[in-house]
Amino acid sequence: DLTSVSWIIPIKRDDGSQFLYCDSHSWVGTKYGLLEKEKRDHFNYTQGEKDGECSITKSEAGVINYDDVLNFMIDLVKKNDLTVQAVCYDPWSFDYLINDFERLNWQLVETRQGRRTLSIPTRTFREELFKGNIKHPDNKLLAYAVNNAIITYDRNQNMLIDKAKSQNKIDPLAALMNAYSHYA
């Protein structure tokens with residue numbers, strides 16, 4: 001019911017150092033109705049769409065059209081003249097798109113959700129964010145995901161981003177951690 005793409009763009013500062021610019025876009029399924037979803041999730045997706053942070057499905061069935069996700073990514077790369085270093089994806093439900101992405105000749109990196117893959121990138125991301133080396137726009141849907149997230153630790157102090165409640169949405173942040181895991 002929520003699919004997200006997040007991206008990271010390295011940008012050089014005038015002094016030669018660099019920072020990472022991060023942003024996100026999501027697609028919102030409406031299978032049980034948009035108003036019900038907005039009430040349940042406590043987020044105004046209608047405003048989010050107006051702000052360019054998400055796209056609400058136009059499908060009568062209320063499901064996300066994965067071609068829209070693919071086309072968004074292609075347009076983002078073309079409009080901004082970006083060089084794709086990798087598409088880091090969670091294998092859950094990516095089957096719909098993998099053949100299309102392979103045709104683009106973009107490097108695909110399967111990024112499993114778990115401490116083994118994401119603990120060090122999550123820790124590093126947090127440190128770099130606090131140092132001011134990661135910048136982001138005022139993306140309210142991404143901020144919503146961050147506010148829904150908690151960090152859990154295992155007995156070895158490996159960290160993982162998780163949901164505070166099972167119904168919370170953290171998809172934009174999870175997609176960002178996938179991207180950062182390749183960058184870090």
Given the conditions (1) surrounded by 11 or more Cβ atoms within 10 Å (Cβ to Cβ); (2) closer than 28 Å to residue 17 by Cβ, report the number of the one that residue 98 does not fulfil. (2)
Being open to solvent by less than 30 Å² (accessible area, probe 1.4 Å) and under 14 Å from the mean Cα position of the chain (by Cα) is the filter; apply it to region 162-173 and report the residue that is farthest from residue 112 (Cα to Cα). 169
Assuming residue 36 fulfils every condition listed in (1) surrounded by fewer than 17 Cβ atoms within 10 Å (Cβ to Cβ); (2) under 18 Å from the mean Cα position of the chain (by Cα); (3) in a helix (DSSP H, G or I) apart from one, which condition is it? (2)
Quick one: would you say residue 8 is under 20 Å from residue 170 (Cβ atoms), in a loop (DSSP other than H, G, I, E, B) and among the aliphatic types (A, V, I, L, M)? no
In region 39-60, what residues are loosely packed, with under 15 Cβ neighbours inside 10 Å, of a type in the set (D, E, K, R) and assigned to a helix (DSSP H, G or I)? 39, 40, 50
In the set 69, 63, the lone residue that is open to solvent by less than 70 Å² (accessible area, probe 1.4 Å) and out of contact with any Pro (no Cβ under 9 Å at 6 or more places or on another chain) is 69
Testing residue 144 on (1) closer than 25 Å to residue 77 by Cβ; (2) surrounded by 18 or more Cβ atoms within 10 Å (Cβ to Cβ), one condition comes back false. Which one is that? (1)
Residue check, residue 21 against (1) open to solvent by less than 50 Å² (accessible area, probe 1.4 Å); (2) out of contact with any His (no Cβ under 6 Å at 6 or more places or on another chain); (3) assigned to a strand (DSSP E or B), all met but one. Which one? (1)
Can you list residue pairs whose Cβ atoms sit under 9 Å apart, with the first residue in region 66-92 being under 18 Å from residue 173 (Cα atoms) and free of Cβ contacts under 8 Å to residues at least 60 places away in the same chain and the second being assigned to a helix (DSSP H, G or I) and of a type in the set (A, V, I, L, M, F, W, C)? Count only pairs 6 or more apart in sequence or on different chains. 87/73; 87/101; 87/104; 87/179; 91/98
Under the condition of being free of Cβ contacts under 8 Å to residues at least 60 places away in the same chain and among the small types (Gly, Ala, Ser), which residue from region 38-61 is farthest from residue 172 (Cα to Cα)? 61
Of all residues being within 18 Å of residue 42 (Cβ to Cβ) and not polar (S, T, N, Q) in region 147-161, which is most open to solvent (accessible area, probe 1.4 Å)? Just the residue, please. 150
Within region 130-138, does at least one residue satisfy the condition of being assigned to a loop (DSSP other than H, G, I, E, B), under 18 Å from the mean Cα position of the chain (by Cα), touching a residue at least 24 places away in the same chain (Cβ under 8 Å) and surrounded by 12 or more Cβ atoms within 10 Å (Cβ to Cβ)? yes
Which condition breaks for residue 82 when tested against (1) part of a loop (DSSP other than H, G, I, E, B); (2) surrounded by 14 or more Cβ atoms within 10 Å (Cβ to Cβ); (3) among the hydrophobic types (A, V, I, L, M, F, W, C); (4) modelled with pLDDT of 95 or more? (2)
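The values are calculated or read from the model by the stated rules, or taken from the named source; none is laboratory data. Since we're looking at a predicted model, the values are computed, not measured. Here the Cβ is made from the backbone with ideal geometry for all residues, glycine too, and neighbour counts use every protein chain on show. Please note that ligands, DNA and RNA were not included when accessible areas were found on the heavy atoms of the full protein model with its side chains. Shrake-Rupley method; radii C 1.70, N 1.55, O 1.52, S 1.80 Å.
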